[in-house]
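Chemist: Got a structure for you, questions after.
The values are calculated or read from the model by the stated rules, or taken from the named source; none is laboratory data. Remember, it's a predicted structure, so these values are computed and weren't measured experimentally. Quick reminder, even Gly has a Cβ in these numbers, built from the backbone with ideal geometry, and neighbours come from all protein chains shown. All accessible areas refer to the heavy atoms of the entire protein, side chains included, with ligands and DNA or RNA removed. Shrake-Rupley method; radii C 1.70, N 1.55, O 1.52, S 1.80 Å.
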Amino acid sequence: MKPMRVRKLKEWLIEKTILLSGIFSVVFVLLIFLFLLREGLSLFRGESVIDFIFGKSWYPISDPPRFGILPLILGSLLVTLGAAAISVPIGIAAALYIAEIAPLRLREALKAGIELLAAIPSVVIGFIGMITLGPWIKNLFNIPTGLTALTGSVTLAFMAMPTIVSIAEDAITAVPRQYREAAIAMGATKWQTTWRIVARAARPGMLAAVMLGIGRVIGETMAVMMVTGNAAIIPTSFLQPVRTLTATIAAEMGESVQGGPHYAALFAIGIVLFVITFLINGVADLYLHRSRR
Amino acid sequence: MSEISIETRGLNLFYGDFQALIGIDLQIPARKVTALIGPSGCGKSTLLRVFNRMNDLIDGVRVSGQVIIGGQDIFAPGADLLGLREKVGMVFQRPNPFPLSVYENIVFGLAVHRLARRQEYGDIVEQALRSVLLWDDLKDRLHHSALKLSLEQQQRLCIARVLPLKPQILLMDEPCSALDPIATLHIEELMQKLKKEYTIVIVTHNMQQAARASDRTGFLYLGKLIEINETVNIFTKPAQAMTENYISGRFG
Ligand SMILES: Nc1ncnc2c1ncn2[C@@H]1O[C@H](COP(=O)(O)OP(=O)(O)OP(=O)(O)O)[C@@H](O)[C@H]1O
Ligand SMILES: [Mg+2]
């Protein structure tokens, strides 16, 4: 047996290392946020926050420039909501099917398929969305362009789905067998057990799955830029081109002058994105704590 | 013997090629506590889980012979499986309340079998909790998570949640093995109270428990029912030498 002192030292070292990693990750996030603030806040010397967020036109290179991001916020919102409306029900249902119903062989095959889907780079999905989904939507609805909010939502739903399915599936599989047994022993059917007990027990995990999926959608840039048509106008329907916050940053960062108002405006968009993500996580956290009571 | 609640005739059960129950013939009287004892692996849980067909969940299980509950062979083709499990409630070794509120745990069975209207739920919950002597402790915590209760309370809740189904039979597989001695005594007292209305079959490793809490005791060994009789007889003058060896602690 090793002397007590050595073991204590080892414990101490391990503990502090973990603590340090924890502190670092928080510090990094803070630094990123500070950096965003520093670069972005200068915009508000010449521009009011209200005009920025609720301004209806985004003409960053006209003279004078107009930095209203309402169309971009609505674009992001529309595409994200659409993607969530598609991917959440399908993803959760797929996870329930894989975890609870599918026979063993099929389950393995489906899980492998989902992992494969997760491994496809977003440009590739964007590319497929652009050359197959776009024309298809154009013909189906008989509209001038296939690059629309709907195209973006469907494309992004494909990207959110693997995250949602695999995390939700883990959560469902982790529900202890004893709950299922108890429900079955009371005469519940397979479906009643799955729906009333297993899905309820796995709810925090499924919520996390949904949040991560949506997080991926909000942050996604490449694919969305390729399929949504990039028109910074206030959207009134799913069948018209939109532009998202992320796509704006990616598309315009290269052509903006460092330190100029356009540059600052793009960083300010970054702050908005940061705050949105933060809010979503906060709401999820609140909900998780409440349901854990 | 008085009214019979469960009867088996020539019951065999196989897990694949392994025969876990061999030619079991027994009768379990209504509104009495029947204990099943025997060394580990002798088939007590397997036999108990025949009575509500929980073994159906395991792949490769085959059953032959008859098990008659409520006048019907529960393995007959077309037997009403869900109805059987409504009539025959089960309490498990480890307390396993659903990760829901106390209230939701109790109304689960009602919702599943559509047994009552929502307006009646409140009364039924109160009645079920009173039956297991939990009402006074929990009446202000009905909507808190059942997982926050003490183990004893959880096990009581697990008994309470099958009562709204108005079962005739309660199966309990070592219901006290996760509990401390005091809680164990409490659950045994509860069984004495419940047996006025329900037939209780309890599997136990604890011979004192069988002696204290049961009216009849069956001794199983290697898948066979060696002997079943009034508990006093089993513990004072067993008919079989094997039973005597077991209860006097010479094996098992
Ligand atoms: N799912 C299963 N598949 C195969 N064999 C099993 C299965 N479950 C139990 N057995 C076997 O059946 C026999 C009886 O098991 P059972 O669980 O009924 O015993 P028990 O008397 O309840 O034991 P214990 O006192 O340890 O709970 C044992 O030999 C066991 O190994
Ligand atoms: Mg057992």
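Chemist: Quantify how strongly other chains surround peptide B:93-100 by giving the mean number of their Cβ atoms within 10 Å of each of its Cβ atoms.
Modeler: If you average over the peptide's residues, the count of other-chain Cβ atoms is 5.
Chemist: Also, quick follow-up: Using +1 at the Cβ of each Lys and Arg and -1 at the Cβ of each Asp and Glu in region B:4-247, identify which of B:27, B:64, B:108 lies farthest towards the dipole's positive end.
Modeler: B:108
Chemist: Looking at this model, which pairs from B:193/B:224; A:111/A:138; A:190/B:224; B:44/B:237 are more than 29 angstrom apart at the alpha-carbon?
Modeler: Flagged as over cut-off: B:193/B:224; A:111/A:138; A:190/B:224.
Chemist: Is there a quick way to get the dipole size of the protein assembly as shown? I mean about its Cα centre, with the Cβ of Lys and Arg at +1 and of Asp and Glu at -1; what is the value in debye to the nearest 20?
Modeler: 580 debye
Chemist: May I ask you to order A:105-115, A:181-191 by the average number of other C-beta atoms within 10 Å around their residues, highest value first?
Modeler: A:181-191, A:105-115
Chemist: Of the accessible area of the protein assembly as shown, with the probe set at 1.4 angstrom, what percent is carbon plus sulfur?
Modeler: 61 percent
Chemist: I would also like to ask the following. Considering the dipole of region A:150-280 built from charges on the beta carbon (Lys and Arg +1, Asp and Glu -1) around the Cα centre, which of A:230, A:261, A:176 is farthest to its positive end?
Modeler: A:176
Chemist: When the helices in chain B are scored as -39500 (n - 2.57) per DSSP H run of 4 or longer and the sum is shared across all residues, what 222 nm value do you end up with, to the nearest 500 deg cm²/dmol?
Modeler: -10000 deg cm²/dmol
Chemist: Mean separation of Cα pairs under 8 Å and 6+ residues apart, divided by the residue count of chain B: what relative contact order is that in percent?
Modeler: 28 percent
Chemist: Give or take rounding to whole Å, what are the principal axis extents of the alpha carbon atoms in region A:2-45, in descending order?
Modeler: Taking the Cα atoms of region A:2-45, the three principal extents are 64, 9, 7 Å.
Chemist: Mind checking the mean number of beta-carbon atoms from other chains within 10 Å of the Cβ atoms in A:176-184?
Modeler: Mean partner-chain Cβ count within 10 Å for A:176-184: 6.
Chemist: Tell me which DSSP H helices of chain A clear both cut-offs, 20 Å or more of axial length from alpha-carbon atoms and a mean Kyte-Doolittle hydropathy of at least 0.0.
Modeler: A:4-40, A:70-96, A:104-119, A:149-173, A:203-219, A:261-292
Chemist: For region B:135-232, run through the GluC sites (Glu not before Pro) and keep only the ones in DSSP coil with at most 15 other Cβ atoms within 10 Å of their Cβ.
Modeler: Within region B:135-232, the qualifying GluC sites (Glu not before Pro) (loop, at most 15 other Cβ atoms within 10 Å) are B:197.
Chemist: Okay, next question. Placing unit charges on C-beta atoms (Lys and Arg positive, Asp and Glu negative, everything else neutral), compute the dipole magnitude of region A:50-292 about its Cα centre in debye, rounded to 20.
Modeler: The calculated dipole for region A:50-292 is roughly 820 debye.
Chemist: In terms of modelled amide H atoms, which long-range or inter-chain residues lie less than 5 Å from the amide H of residue B:91?
Modeler: Excluding prolines and chain starts, which carry no amide H, the hits are B:171, B:172, B:173.
Chemist: Another question, if that's okay. Under 1.5 on a/c is rounded, so check that first for region A:1-90, then, if it is not, pick prolate when a/b is larger than b/c and oblate when it is not; a ≥ b ≥ c are the square roots of the alpha carbon gyration tensor eigenvalues.
Modeler: Because a/c hits 1.5 or more and a/b fails to exceed b/c, region A:1-90 counts as oblate.
Chemist: Projected onto the charge dipole of the protein assembly as shown (+1 at Lys/Arg Cβ, -1 at Asp/Glu Cβ, origin at the Cα centre), which of A:142, A:191, A:131 gives the Cα projection farthest towards the positive end?
Modeler: The residue sitting farthest along the positive end of the dipole is A:191.
Chemist: Relative contact order for region A:50-292: what percent, with Cα pairs under 8 Å and sequence separation of 6 or more?
Modeler: Worked out over region A:50-292, it gives 26 percent.
Chemist: Only Cα pairs under 8 Å and at least 6 apart count here; give the relative contact order of region A:149-211 as a rounded whole percent.
Modeler: Result for region A:149-211 is 47 percent.
Chemist: Next question, about the same structure. Helix-only mean residue ellipticity at 222 nm, chain A, DSSP H runs n ≥ 4 weighted -39,500 (n - 2.57), per residue, nearest 500. What is it?
Modeler: -22500 deg cm²/dmol
Chemist: Another one. Whole-Hz ³J(HN,Hα) for each residue in region A:49-54, computed from phi via Karplus 6.51 cos²θ - 1.76 cosθ + 1.60 with θ = phi - 60°, x for glycine and proline: what do you get?
Modeler: Karplus values, whole Hz, x for Gly and Pro: 4, 4, 4, 5, 7, 9.
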